[in-house]
Amino acid sequence: MATAEVTILGAGVFGLSIAFCCSLRGARVRVIDPAGVGAGASGGFVGALAPHTPDLWLPKKQFQLESLLYSRSFWPEVEANSGILTGFANHGRLQPINEERLVPLALSRISDAEQNWGDKAEWQVVSASQAGDWAPPSSTGQLIYDTLSAHIHPLKATRALARAVENLGGVITPAGARQGAIIDARGWQGLIEISKTLGQEFGNGVKGQAALLDFNSPGKPQLFSDGLHVVPHLDGTVGIGSTSERYFKSPIKNDEQLDDLISKAKKLFPILKDAPVISRWAGVRPRAFTRAPILGKHPVNPDWFIANGGFKIGFGMAPKIGEVMADLILDGVDHIPNDFRARASLESEK
Ligand SMILES: Cc1cc2nc3c(=O)[nH]c(=O)nc-3n(C[C@H](O)[C@H](O)[C@H](O)COP(=O)(O)OP(=O)(O)OC[C@H]3O[C@@H](n4cnc5c(N)ncnc54)[C@H](O)[C@@H]3O)c2cc1C
């Protein structure tokens, strides 16, 4: 490869989405990751692309909305450029409403969604009979159904992104020269290293464990209840996740916390009670102290850029992050929300 115009450190969904957007615009891209594609948080199998609630509107929610809407064309474009299926599908999400006092709140959000989501997606309150056999039990008999939620198979999508970048002329390598614009997308390990350099906590890692079940239900909406995601993949598997562990010994080992999560999932979603577990996985989510992504100017090296802090919604945010980072790096156009800048993260810690 000729001299790279863009060098990205980290082959997770953040680094590779930026690499893809830059490659589509004709830039010569090099992605460096000593551990390989999808070795970090992006190598799992949950993949809920789900919105925050449509009320109390904030720039972070607007960015997420735009990213989820952009996902509808972004992932098919990745598939077209890679020849690999990402598992992307836009089948919405069902959430049982288990307390009577929450029904009026859920109903009030119908008009919030009309106002803030526009005509691209809907927030509905439906009865259990309307929702069908796949719907989880609901103590009130009511469920929220939103049409904005989509899902993806994270590991397949990450591999598809990598292949698309290579097909567009980019290079993905365990080691190489850092040339051109340098983007730090090193996930939780990058956040820890930045914290050490700054001598103050900038971000950290939150471990998650997840399981994959053999249960054929493609085309069904994803489910969400009591913090637990159920994602019916197109390949006849169902991802369930995830634990949330601030303190952990091994970043990749599974333990009894995952057994507890599987038992909880089978109680909350009885339709899954006989589904065999076919795979277990763990990864560490990169969490900035703002809990928002960190984009733009690097907090340590003024000549670098950063894209990190995807935390629990990294796959939903990645398409728009790829786009705004390519705008910034290649065209000098800055569309990054102020709350997402490294400075905001540092100030929140003061
Ligand atoms: C159990 C679990 C379930 C999740 N479920 C969902 C979900 O349903 N929906 C959703 O949107 N998100 C979900 N997430 C979050 C999502 O996976 C992350 O937000 C996202 O993967 C972060 O992507 P990333 O590219 O920033 O980090 P990573 O994927 O961790 O990538 C960082 C990369 O940097 C590399 N690296 C480290 N050090 C260096 C170095 N010195 N030089 C070069 N490279 C380096 C690592 O090897 C790694 O490959 C989940 C996460 C977990 C753990």
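We did not get these values from a lab; they are worked out from the coordinates using the rules stated. Predicted, not measured: the structure shown is a model, and the values here were computed from it. With ideal geometry, Cβ positions are generated from the backbone for all residues, glycine too; neighbour counts draw on all protein chains shown.
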Highest average packing first - 300-307, 44-51, 257-264, 15-22, Cβ atoms within 10 Å: 15-22, 44-51, 300-307, 257-264
Calculated Rg and Dmax of region 1-156 using C-alpha coordinates, Å: 19.0, 63
Mean separation of Cα contacts under 8 Å, 6 or more apart, over the residue count of region 17-97: relative contact order %: 16 percent
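If you take the beta carbon distance between K273 and D331 as r and set R0 to 45 Å, what does 1/(1 + (r/R0)^6) give as a FRET efficiency, to the nearest 0.05?
Numbers: r = 53 Å, r/R0 = 1.17.
The value I calculate is 0.30.
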Helix-derived mean residue ellipticity, 222 nm - over the chain, DSSP H n ≥ 4, -39500 (n - 2.57), to 500: -11000 deg cm²/dmol
By average C-beta atoms within 10 angstrom, highest first, the peptides 315-328, 129-142, 199-212: 315-328, 199-212, 129-142
Cα Rg, Dmax (largest Cα-Cα span) when computed across the chain, Å: 19.9, 63
For the chain: relative contact order, % (alpha-carbon pairs under 8 angstrom, 6 or more apart): 24 percent
Members of K120/K253; K61/K249; K249/K312 lying beyond 30 Å, as alpha-carbon distances in this model show: K120/K253; K61/K249
Residue-wise HN-Hα coupling along region 147-162, computed from phi with Karplus coefficients 6.51, -1.76, 1.60 (Hz; x: Gly, Pro): 9, 7, 4, 9, 8, 8, 9, x, 5, 5, 5, 5, 5, 5, 4, 4
Local net charge near P232, Cβ-Cβ under 14 Å (Lys/Arg +1, Asp/Glu -1): -1
